[in-house]
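The values are calculated or read from the model by the stated rules, or taken from the named source; none is laboratory data. In this text, all values refer to a predicted model and were calculated from it rather than measured experimentally. All Cβ positions, even for glycine, are placed from backbone atoms using ideal geometry, and neighbour counts span all protein chains on display. Surface accessibility is based on the protein's heavy atoms, side chains included, excluding ligands, DNA and RNA. Shrake-Rupley method; radii C 1.70, N 1.55, O 1.52, S 1.80 Å.
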Amino acid sequence: MHSRRIGDVDVSAIGLGAMPMSIEGRPDEDRSLATIHAALDAGVTLIDTADAYHRGADEVGHNETLIAKALASHDRGGDVLVATKGGHLRPGDGSWTLDGSPRHLKEACEASLRRLGVEAIGLYQFHRPDPRVPYAESVGAIRDLLDEGKIRMAGISNANPEQIRLANEILGGRLVSVQNQFSPAFRSSEPELDLCDDLGIAFLPWSPLGGISKAGELGSGHAPFARIAQAHGVSPQRVCLAWMLAKSPVVVPIPGASRPETIRDSLAASDLTLTPEELAELDAA
């Protein structure tokens with residue numbers, strides 16, 4: 001497994017997005033633990049989670065608890081950077097709400113610390129801007145957590161270029177990551193990716209395989225991913241992640257998975273080299 005950098009930490013070039021193991025349609029716990037262990041066996045050292053990855057309102061932090069259990073039962077669990085988030089909530093009816101108030105973010109961080117069983121969270125990210133709270137106040141809470149040693153590194157998620165610059169300023173140049181949606185089907189975060197490349201800030205695409213499930217359909221705009229995959233004898237998903245990795249050394253995709261075979265296939269993308277012509281075709285797809 002090749003490595004990339006988040007802040008001062010080397011991580012696997014591809015991480016594991018753990019959300020599918022805790023929301024609607026999730027597998028049983030044994031399969032989830034097997035999936036996380038398969039990722040660790042294959043060299044993953046970055047796992048992305050959030051306190052909002054759960055179903056019912058009575059199980060907030062389900063995904064964090066699951067990850068803590070998986071890491072504690074694996075001999076490489078201590079090598080993993082766990083990135084969690086706060087500021088997004090799920091009342092339990094399937095909807096998502098926001099609370100970017102400093103008070104909530106600090107309380108959410110304390111709860112995440114307890115569930116993960118750590119003294120300091122490796123990477124804590126403000127999950128999504130709350131229009132009712134000035135962005136500077138929300139990021140200011142993250143800065144306080146950083147200064148207090150509750151978190152080792154600070155990131156933001158679902159941010160635009162202006163918010164990235166503001167967050168980095170409030171954090172005194174200590175913003176290490178931006179986690180935005182980016183995939184073949186969702187490319188509007190290109191400006192944020194480019195800005196992170198300029199600033200040397202890690203860019204973590206969430207839902208990076210969006211659109212790939214239809215890559216082979218006739219007339220699909222994503223069909224080139226399937227054609228190139230066939231030429232290499234690999235899956236379209238693997239081609240997608242290799243394409244992302246080639247965009248910039250700051251890109252660290254975090255594909256979601258709930259089966260061991262799925263994450264193993266995704267992780268193999270770090271060893272797939274695409275030609276300049278193939279990359280250009282995928283850029284234009």
Quick check for me: using +1 on Lys/Arg Cβ and -1 on Asp/Glu Cβ, what's the dipole size of the stretch 1-82 about its Cα centre, in debye to the nearest 20?
220 debye
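What net charge do the residues around Val11 carry, taking every other residue with its C-beta under 14 Å from that of Val11, with Lys and Arg at +1 and Asp and Glu at -1?
Working: positive: Arg4, Arg5, Arg76, Arg152; negative: Asp8, Asp10, Asp48, Asp79.
Net charge around Val11: 0.
Given the chain, what count of lysine pairs have C-alpha atoms under 21 Å apart, with each pair 8 or more places apart or on different chains?
Numbers: Lys69/Lys85; Lys69/Lys150; Lys85/Lys106; Lys85/Lys150; Lys106/Lys150.
The result is 5.
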Listed residue (Ile47, Leu116, Ser95) projecting farthest to the positive dipole end of the stretch 1-139, Cβ model
Ser95
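Can you give the extra length, in nm with one decimal, that the chain gains between Arg259 and Arg114 once fully stretched, where that is 0.36 nm per residue apart less the Cα-Cα distance?
Values: separation 145, 0.36 × 145 = 52.20 nm, distance 2.69 nm.
Between Arg259 and Arg114, full extension yields 49.5 nm more.
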A convex hull over the alpha carbons of the chain yields, per residue, a volume in Å³ of 125 Å³
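Compute the longest continuous run of the chain that contains no exposed trypsin sites (Lys or Arg not before Pro); treat a site as exposed when its DSSP state is not H, G, I, E or B and it has at most 16 other Cβ atoms within 10 Å.
Details: sites that count: Arg55, Arg76, Arg132, Arg174, Arg187.
Result, exposed sites excluded: 188-285.
With r as the distance between the Cβ atoms of Asp271 and Arg76 and R0 = 30 Å, compute the FRET efficiency 1/(1 + (r/R0)^6) and round to 0.05.
On the way: r = 20 Å, r/R0 = 0.65.
So the FRET efficiency works out to roughly 0.95.
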Nearest-10 value in Å² for the accessible area of Leu33, using the 1.4 Å probe
30 Å²
Enter the Cα centre distance for the pair the stretch 109-184 and the stretch 24-91, rounded to the nearest angstrom.
19 Å
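Over the stretch 7-119, with every protein chain in place, what whole percent of the accessible area is carbon and sulfur at 1.4 Å, could you tell me? Show your work: numbers first, answer last.
Details: 2220 of 4500 Å².
Roughly 49 percent, rounded to a whole number.
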How high is the FRET efficiency between Asp194 and Asp144 when r is their beta carbon distance and R₀ equals 35 Å, given to the nearest 0.05?
0.75
Electrostatic dipole magnitude of the chain [Cβ: Lys, Arg +1; Asp, Glu -1; Cα centre; debye, to 20]
200 debye
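What Kirkwood hydrodynamic radius do you get for the stretch 175-278 when you take the inverse of the mean 1/r over all pairs of distinct Cα atoms, in Å? Provide the component values of the computation, followed by the final result.
Details: mean 1/r = 0.0717 Å⁻¹.
Hydrodynamic radius (Kirkwood, Cα pairs) of the stretch 175-278 is 14.0 Å.
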Amide H of Ser101: which non-local residues (sequence gap of 5 or more, or other chain) have their own amide H closer than 5 Å, using H built in the peptide plane?
none
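Taking each pair of distinct Cα atoms in the stretch 4-53 once, what is the resulting Kirkwood hydrodynamic radius in Å?
Hydrodynamic radius (Kirkwood, Cα pairs) of the stretch 4-53 is 11.8 Å.
Sum up the charges of everything whose Cβ sits under 9 Å from the Cβ of Thr49, counting Lys and Arg as +1 and Asp and Glu as -1, but leave Thr49 out.
Details: positive: Lys85; negative: Asp48, Asp51, Glu64.
Surrounding charge for Thr49 is -2.
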Do the sum for the chain: with -39,500 (n - 2.57) for every DSSP H run of n ≥ 4, divided by all residues, what is the mean residue ellipticity at 222 nm, to the nearest 500 deg cm²/dmol?
-12000 deg cm²/dmol
Shape parameters for the stretch 1-137, alpha-carbon atoms, Rg then Dmax in Å
14.9, 44
Treating only the Cβ atoms of Lys and Arg (+1) and Asp and Glu (-1) as charged, compute the dipole magnitude of the stretch 186-285 about its Cα centre; round to the nearest 20 debye.
420 debye
How many percent of Cα pairs in the stretch 105-249 exceed 22 Å?
48 percent
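Calculate, for the chain, the solvent-accessible area per residue in square angstrom, rolling a 1.4 angstrom probe over the heavy atoms of the protein chains.
Values: 11750 Å² over 285 residues.
With all protein chains present, the chain gives 41 Å² per residue.
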Quick one: net charge of Gly92's neighbours, Cβ under 9 Å, K/R +1, D/E -1?
-1
What residue among Pro20, Pro224, Pro191 has the largest mean-square fluctuation in a Gaussian network model of the chain, using Cα springs under 10 Å?
Pro191
Could you calculate the FRET efficiency of Gln230 with Arg31 from 1/(1 + (r/R0)^6), where r is the beta carbon distance between them and R0 is 35 Å, rounded to 0.05?
0.75
